Amino acid sequence: MKGGDILIECLKAQGVRCIFGMPGTQNMQIYDSLLRCGAGVIDHYLVRHEYAATQMADGYARSTGEVGVALTVPGPGASNASTGILEAFTDCVPVLLITGQSDSKFYTKDPSKMFHGLDQMGFFRSITKYCAIAQKVEDIPTVVENAFRSMRTGRPGPAVLEFPVDVLTGESDLIIPPRVHRPARVLPDAADLRSAAETLKRAEMPILFVGSAVIHSDAREELHQLAEKLNAPVVVTRCAKGALREDHPLALQNSNGFLARQAIELADCTLAIGPRFTSLDTRNWSLELPRPLVQIDEDAAEIGREYPCDIGVVGDLKLTLQVFIEEVDEAEGTWKPLLDRLRERFATQPRVPLLPEIREVLPADGILSVDVHAIGYASFAEFPVDKPRTFLYPCIGVALGYAFPAALGAKIAHPDKPVVCFSGDGGFMMGASEMATAMMYGINVVAVIVNDSALSSIKGSQWKYCEGRTVDTDLVNPDFVQFAKSFGAYAVRVEELSDFKSALQDALAADRPALIEVPMQDRQKELIGLIGWLQSEPLRKARNTK
């Protein structure tokens, strides 16, 4: 077989069912093999900008838990796609970027003198779990297998593979490795587990601080059982939204939210289950977690890495929680009256626009892909979900423009589920060219655009921190409705917010890509008022309409 054919057969063996990318000179042999060997098994989706290739792969991966795959030329194609790799690295998402490369005989030359030149291994090494070059045909199965093993072991993350043209056109008879599965689960040390359980027994008001590793480890049911046995509230990181269904009386949602912050101040012990304690989840590590702190993680390197840890337990989260549930005592409902009062205070806030209607219209298994914008920030605390993989957001890298291509990837993964992209005008414009991709393949995502003609969060930050001065945060936008209609998409403008719910229902029923523009240029200050970190009070106050 040709090297390109071997590559495609390896991808098929790993369960790859779609690839997002753009053909070019150095990857055309991969595309030829995809056409000949992948037809009927691996679908390809042509993007209009490589930025979208890895973001679509990200949306596919987040919504399924499977590896999302992107394919570009090296150099500018790969660097365009690198934002999605960074996002996948910081949020622990299994995304594979594949690139071609010039003949391997040119590897001795200065990369800056090469066509599409870039030292891709040096470029990507710090933001991948694995990156490698297939130096010869015989390397292809090995590097593919290694890439999938890295993405499916421990916390997920991205990988990058590079294939020179002569390796892709070379021939060899090789055995295609079988699918790589998640390694066998590792039991925790029994003594560490007993110490952790004894610590929890002495606590009167423990709180659970939960990371996305609970989702990757398929330990959501165990988390549910443990929380109920301890009668302890559950705070989650941004990436772990939905680890405990958010209508549960013990679910406090995101660690930066009002409910979580207030509860953390009342707690006398923290049980951290798989969080990484990122800057955004801890407000640059200023969050004071109640001690003693018991930390459970699959990765020994994470124990005590960001916060002092009194007791560390290393082991598979699902197995560890199963044993832990048996070790701890059932607790009384000490937290309930306190949580009830906190929720009553939280409910006094004025409602945020649009999010309640989206929640009412989307079914429980519908998917919302949220971009970085004023109302989008509020979705962590005010858009409840039943389970993960139905809420997509660039949590740590926070790449503007993420939501629309990610929504397309999620819709491709789940063609029978409604998928809504919720973005601001600035974010949507960064991925707007992918409306062509949506129309080309009939990817029926509904894009809801809040058009306030500004980069609102930055404008609000400038107002607050630069003595009221602002610079280049006002936007000039196209007519979004005409823009979408020019592609043949369904498109409407909602002038009155009271009409939004019915407009969203109509758009979801349109059976084609759709766009809803919500003009809010006259409500910029109101939108900025929704942004938590710009406010001096923990809860929003009603606007003074006088």
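The values are calculated or read from the model by the stated rules, or taken from the named source; none is laboratory data. These figures come from a predicted structure and were not determined experimentally. In this analysis, Cβ positions are derived from the backbone assuming ideal geometry, glycine residues included, and neighbour counts consider all displayed protein chains.
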ask   = Given (1) within 22 Å of the chain's Cα centre (by Cα); (2) under 27 Å from ALA432 (Cβ atoms); (3) not basic (Lys, Arg), where does CYS92 come up short, assuming only one miss?
value = (2)
remark   = Taking the stretch 307-340 and keeping residues out of contact with any Lys or Arg (no Cβ under 7 Å at 6 or more places or on another chain), within 22 Å of VAL385 (Cα to Cα) and charged (D, E, K, R) leaves LYS336, ASP340
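Among the candidates GLY426, GLY401, GLY460, which residue alone is in a loop (DSSP other than H, G, I, E, B), over 30 Å from GLU221 (Cα atoms) and in contact with a Gly (Cβ under 9 Å, 6 or more places away or on another chain)?
GLY401
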ask   = Does SER498 satisfy being free of Cβ contacts under 8 Å to residues at least 60 places away in the same chain and either surrounded by fewer than 17 Cβ atoms within 10 Å (Cβ to Cβ) or not in a loop (DSSP other than H, G, I, E, B) (or both)?
value = yes
task = Please verify whether the stretch 362-382 includes one or more residues that are among the polar types (S, T, N, Q), surrounded by fewer than 22 Cβ atoms within 10 Å (Cβ to Cβ), modelled with pLDDT of 95 or more and part of a helix (DSSP H, G or I).
result = no
inquiry  = Return the residues of the stretch 177-198 that are surrounded by fewer than 17 Cβ atoms within 10 Å (Cβ to Cβ) and of a type in the set (A, V, I, L, M, F, W, C); say none if nothing qualifies.
reply    = ALA184, VAL186, LEU187, ALA190, ALA191
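Given the criteria buried (at least 21 other Cβ atoms within 10 Å of the Cβ) and free of Cβ contacts under 8 Å to residues at least 60 places away in the same chain, does LEU504 qualify?
No: the conditions fail for LEU504.
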ask   = Does VAL518 qualify as being modelled with pLDDT of 95 or more, of a type outside the set (Lys, Arg), surrounded by 18 or more Cβ atoms within 10 Å (Cβ to Cβ) and farther than 24 Å from ASP416 by Cα?
value = yes
request  = Tell me which residues, restricted to the stretch 164-220, are among the basic types (Lys, Arg), assigned to a helix (DSSP H, G or I) and under 31 Å from the mean Cα position of the chain (by Cα).
outcome  = ARG220
request  = Kindly indicate whether ALA491 is of a type in the set (A, V, I, L, M), within 28 Å of the chain's Cα centre (by Cα) and under 23 Å from PRO353 (Cα atoms).
outcome  = yes
query = How many residues does the stretch 261-282 contain that are assigned to a helix (DSSP H, G or I), surrounded by 22 or more Cβ atoms within 10 Å (Cβ to Cβ) and under 21 Å from the mean Cα position of the chain (by Cα)?
reply = 1
inquiry  = Looking at the structure I just gave you, is VAL361 among the hydrophobic types (A, V, I, L, M, F, W, C), farther than 20 Å from TYR45 by Cβ and touching a strand residue (DSSP E or B) at 6+ places or on another chain (Cβ under 6 Å)?
reply    = no
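Yes/no per residue for (1) part of a helix (DSSP H, G or I); (2) out of contact with any strand residue (DSSP E or B) (no Cβ under 9 Å at 6 or more places or on another chain); (3) not basic (Lys, Arg):
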position: VAL492; (1), (2), (3): no, no, yes
position: LEU504; (1), (2), (3): yes, no, yes
position: ARG512; (1), (2), (3): no, no, no
position: GLU517; (1), (2), (3): no, no, yes
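Which ones in the stretch 419-444 are more than 17 Å from MET22 (Cα to Cα) and not hydrophobic (A, V, I, L, M, F, W, C)?
Scanning the stretch 419-444 gives SER423, GLY424, ASP425, GLY426, GLY427, GLY442, ASN444.
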note = Going through (1) more than 24 Å from ARG48 (Cα to Cα); (2) crowded, with 20+ Cβ neighbours inside 10 Å; (3) not hydrophobic (A, V, I, L, M, F, W, C) one by one, GLU138 fails only at (2)
inquiry  = Can you report the number of residues in the stretch 103-113 which are in contact (Cβ under 8 Å) with a residue 24 or more places away in the chain and either crowded, with 22+ Cβ neighbours inside 10 Å or not in a helix (DSSP H, G or I) (or both)?
reply    = 1
ask   = What pairs come up if the first residue lies in the stretch 329-350 and is touching a residue at least 24 places away in the same chain (Cβ under 8 Å), the second is in a loop (DSSP other than H, G, I, E, B) and among the acidic types (Asp, Glu), and their beta carbons are under 9 Å apart, counting only those six or more places apart or on different chains?
value = ALA331/GLU204; THR334/GLU204
ask   = How about the stretch 35-102: which strands (runs of 3 or more DSSP E) wholly inside it have at least 3 residues that are touching a residue at least 40 places away in the same chain (Cβ under 8 Å) and assigned by TED's automatic domain parsing to the domain that holds ILE412?
value = none
ask   = Given the structure, is GLU526 surrounded by 13 or more Cβ atoms within 10 Å (Cβ to Cβ) and acidic (Asp, Glu)?
value = yes
ask   = If the Cβ limit is 8 Å and pairs must be 6+ apart or interchain, which residue in the stretch 515-541 that is under 30 Å from GLY442 (Cα atoms) and assigned by TED's automatic domain parsing to the domain that holds ILE449 pairs with which residue that is part of a strand (DSSP E or B) and polar (S, T, N, Q)?
value = GLU517/ASN451; VAL518/ASN451; PRO519/ASN451; MET520/ASN451
query = Within the group ASP173, ASP218, which residue is at positive phi and either out of contact with any Gly (no Cβ under 6 Å at 6 or more places or on another chain) or surrounded by fewer than 16 Cβ atoms within 10 Å (Cβ to Cβ) (or both)?
reply = ASP218
